[in-house]
Amino acid sequence: MWTLEVQATFSAAHFLPNHPKCGDMHGHNYTVCVVVAANGLDWSGMMIDFGTLKALVQDAIGAWDHRCLNELAEFKDTPPTAEIMASLVFMKLRRRTSDWQEIWIQSVAIEETPGCIATYYGDTIHGEVKDVQPRA
Ligand SMILES: [Zn+2]
């Protein structure tokens, strides 16, 4: 199996209601890391062109750049944590690559601050995302 990873960055503001440290609005320079995997390569010896994948990732996060995440519809019912953001990017990418035959989205990681990373590997918890509440 091969994996291929691209990273993209964006800046956004958010706040996490009732969180002792993150309850007030503040900003992050986020890095999103997307890993795709395949068991085979195409005729050119590639899994997918880096530029093609990067464009998909940029498109998936474009609406978040320089925005307050809490004000966006997709965070209306869920707190904009790195965990939730990773799962949302994963689902967006999976929808947009539903025609892929032999490549799959393996994981999406969101680095909120250097060294603090949340990674989502699949949709097994997606049905529970709306129930996620910050712990007191
Ligand atoms: Zn924060």
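Quick rundown of the values:
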read-out: Loop-located trypsin sites (Lys or Arg not before Pro) in the stretch 42-130, at most 11 other Cβ atoms within 10 Å (DSSP); value: Lys76
read-out: Fully extended contour minus Cα-Cα distance, from Ala63 to Glu5, at 0.36 nm per residue; value: 18.7 nm
read-out: Residues with amide H under 5 Å from that of Ala12, placed H, sequence gap 5 or more; value: His28, Tyr30, His66
read-out: Reachable aspartates and glutamates from Lys21, criterion Cα separation under 19 angstrom, eight or more residues apart if same chain; value: Glu83, Glu111, Glu112
read-out: Total charge dipole magnitude, the chain, about the Cα centre, Cβ charges on Lys, Arg, Asp, Glu only, Debye to nearest 20; value: 200 debye
read-out: Dipole-positive endmost among Ser98, Gly40, Ala63 within the chain (Cβ charges, Cα centre); value: Ala63
read-out: Antiparallel bridges, percent of DSSP beta bridges restricted to the stretch 2-123 (to nearest 5); value: 95 percent
read-out: Rounded to 10°, Cα long-axis angle of helix 50-61 versus longest principal axis of the chain; value: 20 degrees
read-out: Using θ = phi - 60° and Karplus 6.51 cos²θ - 1.76 cosθ + 1.60, couplings along the stretch 67-76 (whole Hz; Gly, Pro as x); value: 10, 8, 4, 4, 8, 8, 4, 5, 10, 4
read-out: Contour minus Cα-Cα distance for Asn29 and Asn70 (0.36 nm per residue); value: 13.2 nm
read-out: Tail fraction, Cα-Cα pairs, the stretch 2-123, threshold 26 Å, whole percent; value: 22 percent
read-out: The stretch 98-104 - phi-based ³J(HN,Hα) in whole Hz, Karplus 6.51/-1.76/1.60, Gly and Pro as x; value: 5, 8, 5, 9, 10, 10, 9
read-out: Integer Hz, Karplus 6.51/-1.76/1.60 couplings in order for the stretch 78-89, x for Gly and Pro; value: 9, x, x, 7, 4, 4, 5, 4, 4, 5, 5, 5
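None of the figures in this text is laboratory data; all of them are computed from the coordinates on show. All values derive from a computational prediction rather than experimental measurement. So basically every Cβ, Gly included, is an ideal-geometry build from the backbone, and we count neighbours across all protein chains shown.
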